[in-house]
Structure formats: C-alpha cells, structure tokens
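> Take a look at this one; I'll ask things after.
The values are calculated or read from the model by the stated rules, or taken from the named source; none is laboratory data. Keep in mind that what you see is a predicted model, and the values were worked out from it rather than measured. Using ideal geometry, Cβ is built from the backbone for each residue, glycine included, and neighbour counts are taken over all protein chains shown.
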Amino acid sequence: MNPVEPTLLEWKNCIQAALQFKEKRCWTWITDEMIFGVQNPEDGQIGYCCVMGTSDEMAALSIHLGSEGLEGLQRIRREDLLAEEFMHIQYGLILSFESKELLEEQEITLMNLLGWQGGRQGWPCLRYFEPGFVPWFLNGAQVRFMTIALQQVIEIAESFRFRPERIRQAGSSYYLVRTPLLQNGRLIWTDRWLEPKPVVRTPLRAVRFDELRLRKLQKSLPKRLGVWELDYFYSPIPMRGKDKPYYPKMCLILDHTSGQILLNHLAETADDRSEFVEQWLEMMLRLQGRPYTLLVQRSEVMDCFGAAARVLNVRMERSPQLLYLEEVKMNLYDELAPF
C-alpha cells in the first residue's frame, strides 16, 4: 500500500465512519463468526471483516487482508495460541475503542484537531498488524480502505439485520463480498459470493553452509552430548526499524535433560536461518561435542537445520512439546514483552 501519511480530511472521514459503526451497534445481531469481505477499490484486495463486541466498550472491527489475513484468522479460531503467536499471525487492520490513556500522544493530538470531545472511554484506535512488526499507525491508503470498509460493514449489517445467518453459509468455502464498480465517477457496490484465492507463500531463504566444513566438524567432534531442544521465534523485544519497529527472530537451544540454556541468540541479519545454523555450529565447537538428537516442534525448524544435521549425523525428531524450552520462552515473554 501507499506509505503516504493520511490527510486530515481522510482521518476525519475515517473517524466519522468509525463512530457511525459504533453507533449502529451491529455487533448486537452480527456475531464474530459471520465473516464477510469488502474489496478495496484501489488495489482489488479483499479485506475479510469480523465484527466483534459484547458492549459499547468492547466494540471492534478487524479487517483481515487477502487470503493470508483470512488464513491467520482461521488459525486464531482453531488453534490454542500463546499471546505472542496471536500477534504474529495477524495481517490486517483493526479498529477498537480504548480509554484515552492507551492512545499515543499523536493520536490524541489528531482527535483534538478533529474536534473530538470524547470522554475517557471509547476513543477510536486504529492499527495495522503485520507478522514480525509492532502494530503500527495506518498510512493514507489504509485509512481510505478502513473508511470504505466501515461504510460497507454498516451497509451489510443493515441489509441482513433480520436475517444475519445468511451472511455466512455454513460449510461453504465461499464468502459474501461487497465489490465495487466505477460508473460515471461513482462507486456502485454489489454483493457477490467469492472463494478466497490460494495463499501465495513467500519462499524461505535457502540455508547456506559449507558442507566440507561440516564434514570436518563431524570428524573433529566425536563426543556426544545427549538430546537438545531447539526452536526459533520472534523475540519479545522490538527493535527500531527503517519505517517501524520490528521483532527480530531469536534462537534457543536447551539441554533436554537438565534444562540448561546452551544457546540464546538474537538474529543480527536478514538471513536469520543461516545465521542460526552458523551459531549452532559455533556452539558445538565451544562445547567440543554434538548431540545425538535435536528435538523440534515445527516443520520450519526441521527444514532449517535438517540438511546440516544430516551431514553431522545428528538425528532430528519432531516433538509435540519442548518442556524446558517452552518454559524459558514463556518467562522471556512474561518479563520482557510489551503486551
């Protein structure tokens, strides 16, 4: 999307639409199971909308961007996720209504410029969620789409007020989508039933390592050091990025018997997968030994370390739980996470 900042008029239109959404109280007849789409007239992307709320204070709207965003929403619904996992699989725009104390100073300044005279509760809060990044302020294109989506959510809510169950067909892979057509300089909106496009996944970087070096390492490290637990994940501490703060990846390796932390490394480069394998090799050199087995939970980690592990004659196994590693990870997030 266009990174240009929203104009004051764009913000005014968006905040007005947000307040209209709240006034309609459509969450009283539309549940968060009734997902429907709104197509962005600027780029054609579909935002899958989820109306949430049990009261005026708890009202919210999440707009999950494209098939990737919809897949993230589906994972949230079917999986028992930790707080940090919940944040890093969301891809979309979220409107909520918060107390004034939870807003940033620039948001309060904006609302004052717009003449907002709200009380302590119910201040519109708009955020862009992207995996790996701190939830951030909306840019101009995102504000425009949020405005349009809010208007169309209200339209759908009114159209289906007395038959909301028709918004979502049980068992169907098709979604109701509001689609725009430009006629005589005006947008005409129609309802269509569309199947989401397949998710296009960005290929992961190939892990780089020197196979000859690994074969020499295997011969020079005959000592076996038991079973290790291994995982990498987003760090709980954000770092300053070019446009907005981001969460670098962190790699942990623990001894499966004692729980001792053998490696705790924060990625310093964009090629974090190769960096983690290199750190693992350096760690084995320091310890003068290699494990019999590496226990991992996720296929992504298996793919990252698998080729190097085979050369080193280290077995890799999938495990449903990594008890010591999960405990350390939980403690890290409890102590350091800003959410």
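> I want to confirm something. Restricting to the stretch 37-57 and keeping residues that are touching an Asp or Glu at 6+ places or on another chain (Cβ under 8 Å) and aliphatic (A, V, I, L, M), which single residue is surrounded by the most Cβ atoms within 10 Å (Cβ to Cβ)?
Ranking the qualifying residues of the stretch 37-57, first place goes to VAL51.
> Restrict the check to the stretch 33-46 and report whether at least one residue is assigned by TED's automatic domain parsing to the domain that holds PHE145, within 16 Å of ILE148 (Cβ to Cβ) and of a type in the set (Asp, Glu).
Yes, the conditions are met somewhere in the stretch 33-46.
> Here is a follow-up. Output the residues belonging to the stretch 83-113 that are among the hydrophobic types (A, V, I, L, M, F, W, C) and loosely packed, with under 14 Cβ neighbours inside 10 Å.
Once the filter is applied, which keeps residues that are among the hydrophobic types (A, V, I, L, M, F, W, C) and loosely packed, with under 14 Cβ neighbours inside 10 Å, the stretch 83-113 yields ALA83, LEU102, LEU113.
> Evaluate the following for ALA60: is it assigned by TED's automatic domain parsing to the domain that holds LEU181 and surrounded by 21 or more Cβ atoms within 10 Å (Cβ to Cβ)?
no
> Residue by residue through the stretch 69-80, note down the ones that are farther than 17 Å from VAL199 by Cα and either under 12 Å from the mean Cα position of the chain (by Cα) or part of a helix (DSSP H, G or I) (or both).
ARG77, ARG78 - these are the residues of the stretch 69-80 that are farther than 17 Å from VAL199 by Cα and either under 12 Å from the mean Cα position of the chain (by Cα) or part of a helix (DSSP H, G or I) (or both).
> Residues that are in contact (Cβ under 8 Å) with a residue 40 or more places away in the chain and touching a Ser or Thr at 6+ places or on another chain (Cβ under 9 Å): which strands (runs of 3 or more DSSP E) entirely in the stretch 260-332 hold 2 or more of them?
Correct list: 293-296.
> What do you reckon, is ARG240 in the same structural domain as GLN151 (by TED's automatic domain parsing), within 30 Å of HIS64 (Cα to Cα) and charged (D, E, K, R)?
Against the criterion (in the same structural domain as GLN151 (by TED's automatic domain parsing), within 30 Å of HIS64 (Cα to Cα) and charged (D, E, K, R)), ARG240 does not qualify.
> Can you tell me which residue is nearest to ARG286 (Cα to Cα) among those in the stretch 173-223 that are hydroxyl-bearing (Ser, Thr, Tyr) and modelled with pLDDT of 90 or more?
Here the residue is SER220.
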